[in-house]
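In what follows, a single structure is set out as structure tokens and then discussed.
The values are calculated or read from the model by the stated rules, or taken from the named source; none is laboratory data. A quick note: this is a predicted structure, and the numbers were derived from the prediction, not measured. Every residue, glycine as well, gets a Cβ built from its backbone with ideal geometry; the counts of neighbours run over all protein chains shown.
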Amino acid sequence: MEAILALEDGRVWRGRGFGARAEVVGEIVFNTSMTGYQEIITDPSYVGQIVAMTYPLIGNYGVNLEDVESRRVFIEGLVVRELSRTVSNWRATGSLDKYLRENNRPGISEVNTRSIVRHIRDRGAMRACLSTERTDENAVIERARRAPEMVGRDLALAVTCRKAYVWADDQSHAYGSPQPSCQNEDATADVAAAESRFHVVAFDFGMKHNSPRLLAALGCRVTVVPASTSAEAVRGLKPDGVWLSNGPGDPEPLSDVVANIRKLMGYYPIFGICLGHQLLGLALGGRTYKLPIGHHGGNHPVKDMATGRIEITAQNHGFAVEADSLPADCEVTHINLNDYTVEGLRHRSLPVFSVQYHPEAAPGPHDATYLFDRFVASMRRNRRAG
């Protein structure tokens, strides 16, 4: 199956198609992770994006049931140098090729991903079209040019859960498939039976499963709510803390979400990651902007400004908080050592903090999991203070 990848500036690569026979458009980005392709393609933060993997061999350990991060594949398309046709892993339940085909997502292989990455790095992320249906280069280029821009796109409301639910091992019920017995449809069950545990209300802007999984492992009862949930509804759930998830798209169109976050500050400890970090920055009075190529990968060095400690982090974002826009009562806590962009912030007097990266992703080491402990500690202090 022949495939074409075309960018809006007219650059074209031809290769071998895999996955579904389809034609998709999106922002082309590159990811520097060596492993974890299944977590990447099922991360809702990648909706609207075509992902080029920099590691040359992808698919060798197949896919399995444990490593999915959401209900389905969310990337628009996948670009790899070489797709392994042989699957070798004891956990594997199938191949990457078949998995993409079942999820109606196309891929292209046998292309020079190094040249693609260098082109994006020099020119910036841009719109692209990946087609395994057509071979007319001009038509595919034109399709890329008609794709929507990422700036101004509200994608979080498109990927969020439809209704609130209490976190359990199988979360597929929240998106329309059969509901297990643990489902709490209106998410207003009395939490008195779990007094010794902290009740966290988690906003789903495109949440990956591992974040509520880690909160639950620390003894938290997690109620996941849709992105549009009002501050009043959150208060009605009587949480000990509020968690703001990762997600796709531009944070600025989410003005109602920002207003709700602002209403919750001062009442509960708040911890945000990725898009949640950007939304918190806006709620605190800051501004956000589009990065030239974004941060996508599992090896981004981040410095904790308080301790001087360097964390190796997993990241996936195309927007960032502008440091100079933050008010005096906010502090930048982490910076990216590649481009010195803001990677973390906190309010100086309120129990409110966030990081731009994915502390739940653990790209090899578990450098950033202390942040979940910090969140639990802030809820404990807040409960003691009454």
Counting only strands (runs of 3 or more DSSP E) wholly inside the range 285-350, the ones holding at least 3 residues that are surrounded by 17 or more Cβ atoms within 10 Å (Cβ to Cβ) and in contact with a Cys (Cβ under 9 Å, 6 or more places away or on another chain) are 310-321, 342-347
The one condition in (1) on the phi > 0 side of the Ramachandran plot; (2) touching a Pro at 6+ places or on another chain (Cβ under 8 Å) that T369 fails to fulfil: (1)
Among the listed residues V24, V73, V29, V51, which satisfies the condition of being over 23 Å from D204 (Cβ atoms), modelled with pLDDT of 95 or more and of a type in the set (V, I, T)? V24
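Residues are listed down the side, and each one gets a yes or a no for (1) surrounded by fewer than 20 Cβ atoms within 10 Å (Cβ to Cβ); (2) within 26 Å of N246 (Cβ to Cβ); (3) β-branched (V, I, T):
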residue	(1), (2), (3)
P44	no, yes, no
V51	no, yes, yes
L57	yes, no, no
E66	yes, yes, no
G77	no, yes, no
R91	yes, yes, no
R114	yes, no, no
D122	yes, no, no
R143	no, no, no
Filter the range 110-143 down to the residues that are over 24 Å from D97 (Cβ atoms) and either outside any helix (DSSP H, G or I) or in contact (Cβ under 8 Å) with a residue 60 or more places away in the chain (or both) and list them by number. H119, I120, R121, R123, G124, A125, M126, R127, D136, E137, I141
Just checking, how many residues over the range 203-254 are charged (D, E, K, R) and either within 19 Å of the chain's Cα centre (by Cα) or within 19 Å of T369 (Cβ to Cβ) (or both)? 5
